[in-house]
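**Student:** First the structure, which I've put down as structure tokens, then a few questions once you've had a look.
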Amino acid sequence: MPLLPDAYSAVLADLLYTHSGEMLGIYDLALGWFTHVNPAGVRLLAYPSKEAFLADPNHALRVPPWTSAQWQNLCDLTRREGHHELEADVRRHVGKPFRAYVKLTYCELAGKPLLLVNITEHNRLQQAERALAHSVRRFEAVFANATLGIIVCDKPGRMVSVNAQAGQLFGYSPAELLGQQLQVLVPAAAQPHAADSADPLGRRMGHHDCPLAGQRRDGTEFPVEASLSYFYLDEELYVVAYILDLSAKQAAEQELRAQHERVARLNAELEQRVIDRTNALLLTLEQLEKRGDELTLALQAEQQLGELKSRFVSMASHEFRTPLTAMLSSADLIEEFPGTHQQAQRLKHVDHIRSSVQHLNTILEEFLSVGRIEEGRIEAHPANLNLDDLVRDTVADMQSLLKTGQTIDWQVECPIPVRLDASLLRKILMNLLSNALKYSGEHSVITVRASCVPKELTITVQDQGIGISAEDQAHLFEQFFRAPSVITEPGTGLGLYIIAKYLELMGGIIDLQSAPGQGTTVAIALPLTTPD
């Protein structure tokens, strides 16, 4: 077996036998076999000696993982490119195969074409290093492309990493901010070392009720919210600040507050007019007690007053529709502003405005329903319906009214067909759920149960709300009545009155059980007829 010239012996001995912990060998392409291998290679491939390795005519590097033709192709590829690397399952002389990382390098010594073969066992540490490298690249991609500002500070508050979005928010390039204090951008931000770094969830600063003031490079200020989280790296404390621009959110909230105030004023005017009409009716009744001979005239006046009230409700509803239409148009215009990084937030608040408009339209529909009921223009039209689908769809429509943590637990047990007016039944259930959600707190459960027997359908809606006193329960089904405990909540006082009228049209009854602080349970019962 030919050897390399003596001039290279000392170098190879030092390189292959002393310094390397990985397999290194010299493969003679003309001979088609190894001429040198280091001790690490002998151990890695489990040969008893270097001589046994060099004398093996059927080395594991070729069969398997490669056939002779495949190995020849690999050698030719390395000779053309100069270097080639790959992963492969390599067989030991004795023992199980192992996953290896193989590096082949072409060279010529004394005119002979050679391959320098380096084999490293692909262990768990290397796999972890590769996974870590992938994880770092993913983190860098998220950090660079995030749609909110992200700033990493050390314990003294110096910025050590800033993403492009943060620089854009404050008018700097990210490189300009490195080494500066976070207070340059958010003067009111707390020093990281002053925060509770033991809190793994971090904390928020400058929420929408009391935002922080961010300062741009040109000196202008804008509202921001900063969420801080903490982590240790090499026993050093670092802080990650997530910066959110609240400018668009505050503008939308201000517009929403203005519309709420306008609606509150209109409601106050309407309630005052109702009070005035009620006072007029009381005065008329007092006069009737004193003057019996004017009874007929007083009754006519009362009928006229009722007609006047109905006309007033219709007129007021039409007057409300004009500003509501303007609000909805404004929401649509806000939605059409494209091209800004706050578009998602803007759309969120546009949805809030649109939901408020829809809620106000619902109130107006209540006023119109009172007029139609008093004029006898509403009739029940029974038809076959799927009770389970009706309850499911109604609960789905109420999801937008849920407060934080609120849930609706519903269940229908009705094995028989149902024939009722689906439109009136849906309106009754929506009104009951709306009241339950409105007067219940966050993280509460509204329970809906529907069951039927051959001749009767029963639906109950139970909440965990503020409850109703016995004194107020006596007036709940009167027009425009608002209990003192809920006077600050929006509403017209017509919901239960309308429900009672709808039930009257359908031949049903309603029962209400409640106590202050113990919630309210409303049960309705409707007679069932045989479906077609």
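The values are calculated or read from the model by the stated rules, or taken from the named source; none is laboratory data. Bear in mind that the values here come from a model prediction, so they are computed numbers and not experimental data. Here the Cβ is made from the backbone with ideal geometry for all residues, glycine too, and neighbour counts use every protein chain on show.
**Student:** Across the stretch 520-532, which residue is nearest to ALA483 (Cα to Cα) among those that are modelled with pLDDT of 90 or more and surrounded by 13 or more Cβ atoms within 10 Å (Cβ to Cβ)?
**Tutor:** The qualifying residue nearest to ALA483 (Cα to Cα) is THR520.
**Student:** Select, from LEU288, LEU283, LEU299, the only residue that is more than 54 Å from the chain's Cα centre (by Cα), surrounded by 16 or more Cβ atoms within 10 Å (Cβ to Cβ) and either of a type outside the set (Lys, Arg) or at pLDDT below 80 (or both).
**Tutor:** Going through LEU288, LEU283, LEU299 in turn, just one is more than 54 Å from the chain's Cα centre (by Cα), surrounded by 16 or more Cβ atoms within 10 Å (Cβ to Cβ) and either of a type outside the set (Lys, Arg) or at pLDDT below 80 (or both): LEU288.
**Student:** Any residue in the stretch 404-424 that's free of Cβ contacts under 8 Å to residues at least 60 places away in the same chain: show its pairings with residues that are part of a loop (DSSP other than H, G, I, E, B) at Cβ separation under 6 Å, as long as the two are six or more apart or on different chains.
**Tutor:** THR404/GLU442; GLY405/GLU442; GLY405/HIS443; GLN406/SER444
**Student:** Check the stretch 364-377 and report whether any residue there is surrounded by 17 or more Cβ atoms within 10 Å (Cβ to Cβ), of a type in the set (A, V, I, L, M), assigned to a loop (DSSP other than H, G, I, E, B) and at pLDDT below 90.
**Tutor:** No, there is no match, as no residue in the stretch 364-377 is surrounded by 17 or more Cβ atoms within 10 Å (Cβ to Cβ), of a type in the set (A, V, I, L, M), assigned to a loop (DSSP other than H, G, I, E, B) and at pLDDT below 90.
**Student:** Mind checking which residues of the stretch 423-457 are hydrophobic (A, V, I, L, M, F, W, C), within 24 Å of THR529 (Cβ to Cβ) and assigned to a helix (DSSP H, G or I)?
**Tutor:** LEU424, LEU425, ILE428, LEU429, MET430, LEU432
**Student:** Quick one: which strands (runs of 3 or more DSSP E) lie wholly within the stretch 1-111 and hold at least 2 residues that are of a type in the set (A, V, I, L, M) and either under 24 Å from HIS122 (Cβ atoms) or at pLDDT below 85 (or both)? If you could, list the steps in order and put the result at the bottom.
**Tutor:** Details: elements: 23-28, 33-37, 83-90, 98-109.
Passing ranges, in order: 23-28, 83-90, 98-109.
**Student:** Report, ordered by the first and then the second residue, all pairs with beta carbons closer than 9 Å, sequence separation of six or more or different chains, a first member in the stretch 223-250 that is of a type in the set (Asp, Glu), and a second member that is part of a helix (DSSP H, G or I).
**Tutor:** Listed pairs, sorted by first residue: GLU225/LYS249; ASP245/LEU169; ASP245/GLN345.
**Student:** Would you be able to say whether some residue in the stretch 128-139 is closer than 20 Å to ASP245 by Cα, at pLDDT below 90 and of a type outside the set (Phe, Trp, Tyr)?
**Tutor:** There is no residue in the stretch 128-139 that is closer than 20 Å to ASP245 by Cα, at pLDDT below 90 and of a type outside the set (Phe, Trp, Tyr).
**Student:** Exactly one condition in (1) farther than 24 Å from GLN399 by Cα; (2) touching a Phe, Trp or Tyr at 6+ places or on another chain (Cβ under 6 Å) is not met by ILE468; state its number.
**Tutor:** Of the numbered conditions (1) farther than 24 Å from GLN399 by Cα; (2) touching a Phe, Trp or Tyr at 6+ places or on another chain (Cβ under 6 Å), the odd one out for ILE468 is (2).
**Student:** Any residue at all in the stretch 252-265 that's in contact with a Pro (Cβ under 6 Å, 6 or more places away or on another chain) and either at pLDDT below 90 or in the same structural domain as LEU177 (by TED's automatic domain parsing) (or both)?
**Tutor:** no
**Student:** Select the strands (runs of 3 or more DSSP E) contained entirely in the stretch 209-279, then report the ones holding at least 2 residues which are under 18 Å from THR147 (Cα atoms).
**Tutor:** Result: 221-233, 236-245.
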